[in-house]
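The values are calculated or read from the model by the stated rules, or taken from the named source; none is laboratory data. Computed from a prediction, not measured in an experiment: that's the story for all the values here. Note that we place each Cβ from the backbone using ideal geometry, even for glycine, and neighbour counts take in every protein chain shown.
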Amino acid sequence: MTATVVARSRDELAAARTQLRGRLAVVMTMGALHEGHAQLVRAARAQADAVVVTIFLNPLQFAAGEDLDRYPKTFETDLAICTREGVDLVFAPTPDVIYPNGEPDVRVAAGRLGDRLEGEHRPGHFDGVLTVVAKLLHLTAPDLAYFGEKDAQQLALISQMVRDLDFPVDVVAVPTVREEGGLALSSRNTYLTDSDRSAARSLNRALQAGVGAAAEGAAGTLAAAAAVLEAEPALSVDYLALVDDDTWEDAGAGTAKGRLLVAARVGTTRLIDNVSVTFAETGGRSTSAPDVG
Ligand code: PAF
């Protein structure tokens, strides 16, 4: 197993970057790596000649009162996972490396989609995400960038930024990885107590109920998912929404492929999840995109 090179500064990154040959893929993370991140790396390795993983807990995308301070920090384990998965280079800067002049005044504006759903509950969050993603794309200069479908709105916004601002990179989506019982893997799952975890499984159960009711159209899909969420008193739901997977407008009669999204708090933890819903009939049944796990 070849040891993964670690770069902490911009100079170290630039020097290590020049050693990497062929098509480069980047996987951006905030650390606390899990099997979902490993799947991103595996997808990247399958298509690229070299892989860089960034590990940076980006303060710009956390509002006051959110979980920046308690976000799990597991650098040694993260590095071991990167080495095991054959990652060539880890870029693990501190905030002063990424923001040498403090928090930037000029940021990427996430636009209308950035204010909806997650953006409505976390104002400014997506401006912070897109700003750091833009900077990390500039610094790592990859050909390919891999992001998980679990953060579907983030993935849509990054793809839109890349299109709208002409970043020379291909964005690749990787399916959500789930633990047994359906809970989507997330670094934040480490906050869950046993009873939180059992309540949290209702998120995926609700999404699957929505998929199962797709033959009844958008309203039936939402109603079926809502019924499962309402039956779990330990959940406090921020939103349940069904959007057109292409436009991200509310799904309606003309929607062939939708995305059913949910965000909820359980205990002190806020979780999000989503699933693709196909409304066009396939052999009399509606289907969802396959998740890994
Ligand atoms: O999805 C994440 O972990 C973060 O939002 C990202 C893309 C690494 C930006 O900080």
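Odds and ends about this structure:
- Output for the range 223-248, where each listed residue is on the phi < 0 side of the Ramachandran plot and within 20 Å of the chain's Cα centre (by Cα): V237, D238, Y239, L240, A241, L242, V243, D244, D245, D246, T247
- Residue ID - farthest from the ligand (Cβ to nearest atom), chosen from residues in the range 128-146 that are buried (at least 23 other Cβ atoms within 10 Å of the Cβ) and not in a helix (DSSP H, G or I): P142
- Only one of the listed residues (T4, T54) is closer than 15 Å to F75 by Cβ, hydroxyl-bearing (S, T, Y) and within 16 Å of the ligand (Cβ to nearest atom). That residue is T54.
- Pairs where the first residue, in the range 105-126, is farther than 13 Å from I272 by Cβ and the second is β-branched (V, I, T) and buried (at least 16 other Cβ atoms within 10 Å of the Cβ), C-beta under 6 Å, 6+ apart: R107/T131; V108/T131
- Looking only at the range 267-293, and only at residues there that are of a type in the set (A, V, I, L, M), at pLDDT 55 or above and in a strand (DSSP E or B), the one that is farthest from G181 (Cα to Cα): V277
- Residues of the range 14-39 that turn out to be closer than 20 Å to A80 by Cα, small (G, A, S) and part of a helix (DSSP H, G or I), as a count: 3
- Residue identified as among the hydroxyl-bearing types (S, T, Y) and touching a Cys at 6+ places or on another chain (Cβ under 6 Å) among T29, T74, T4: T4
- Qualifying positions in the range 160-172 - within 18 Å of L24 (Cα to Cα) and either within 11 Å of the ligand (Cβ to nearest atom) or of a type outside the set (D, E) (or both): V162, F167, P168, V169, V171, V172
- Considering the conditions (1) modelled with pLDDT of 95 or more; (2) more than 18 Å from the chain's Cα centre (by Cα), F56 is excluded by exactly one of them, (2).
- Residue in the range 147-159 that is farthest from the ligand (Cβ to nearest atom), counting only those that are within 8 Å of the chain's Cα centre (by Cα) and more than 11 Å from L117 (Cβ to Cβ): E149
- Subset tally (residues that are of a type in the set (S, T, N, Q) and over 15 Å from the mean Cα position of the chain (by Cα)) for the range 25-53: 1
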